[in-house]
Amino acid sequence: MPDPTMQRLADIERALLGDTPLPDCLRMCLAIGAEVRSARLREWAQRELNGYRADDALPAYRTVGAALLGDVHRSPAHGQHERIALHLVPDEVRKILIEMDGRSEVRDSVAEIVAIVARAHQHSRGLIVFDVPDESRLRAAIAQNAGRPVYSRIYWSIAAAAYEGLLDRVRTAAVSIVMEVRTEAGEAQQEADGAAPLSAAADQAVALHVSGSNNQIQVNQAGRGNAGASPESPDSENVARSSLRWTRRQTLWTIAGFFVALISIVVAVLLG
């Protein structure tokens, strides 16, 4: 593991923990993903930078709470940002709302999300507003029944704080990934196993901190200059050692968490 790569990992970690804009940090992650040959890290950074396509699987943190709101015409006051009850909307719209379960997917790039949040705070009191398809038809359907409110506008609304939380989770995921790769790099140096494939550690970190999966990842080493690593090849042995170190580290944290929880229970019983 060359020292320049370790230095770049440290630089990225400092940028993420500091006030460097998130898009700049992700571009650094994209570069280090190429350097350590992690396809998953590069793919994740690119999607966060460019936005997620309609057919891309979304991380859980890119689904946020949403509500159907309306501005109501009434005398003497004019009500704004009032939540629309499910029983007021037509059946076909009600089915969509139930399926959404108050959640909305966010596929914009991080730069777009930052701009959306800024506009929401500046112009709409911290609310991010989206148009509803056939909005005029929906207003007419609600208003046709006596006693129901008359809306001047109906729209989807998401709190800007939800988008800010999304950005914070992207930064936290990036910090966690970089820290895992740095830890793996340090252990590889201590064990003097040469050019240990950090791609395995980076791929595993992305799977854990972005996808929420702790499954071991099989890494194709064909891009390392050989026609494909055989089970007996040095590269395959390095991947195996990398996976072993990862599993050992995760096991130790699990054991530590168990004992912390056990001690907390004992203390609670004694104090009670």
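Across region 140-162, the number of residues qualifying as buried (at least 16 other Cβ atoms within 10 Å of the Cβ) and either modelled with pLDDT under 85 or of a type in the set (Ser, Thr, Tyr) (or both) comes to 6. Taken over region 131-184, the residue count meeting the criterion of being more than 24 Å from Leu17 (Cβ to Cβ) and in contact with a His (Cβ under 6 Å, 6 or more places away or on another chain) is 2. Picking from residues in region 103-129 that are in contact with a strand residue (DSSP E or B) (Cβ under 7 Å, 6 or more places away or on another chain) and under 21 Å from Asp55 (Cα atoms), the one that is modelled with the lowest pLDDT is Arg103.
Could you please let me know if Asp55 is within 30 Å of Leu198 (Cα to Cα), surrounded by fewer than 11 Cβ atoms within 10 Å (Cβ to Cβ), of a type outside the set (A, V, I, L, M, F, W, C) and modelled with pLDDT of 90 or more? Can you show your working first?
On the way: within 30 Å of Leu198 (Cα to Cα): yes; surrounded by fewer than 11 Cβ atoms within 10 Å (Cβ to Cβ): yes; of a type outside the set (A, V, I, L, M, F, W, C): yes; modelled with pLDDT of 90 or more: yes.
Taking the combined requirement at face value, the residue satisfies it.
The values are calculated or read from the model by the stated rules, or taken from the named source; none is laboratory data. Owing to the predicted nature of the structure, the values given are computational and were not obtained by experimental measurement. Neighbour counts run over all protein chains shown; Cβ positions are idealised from the backbone, glycine included.
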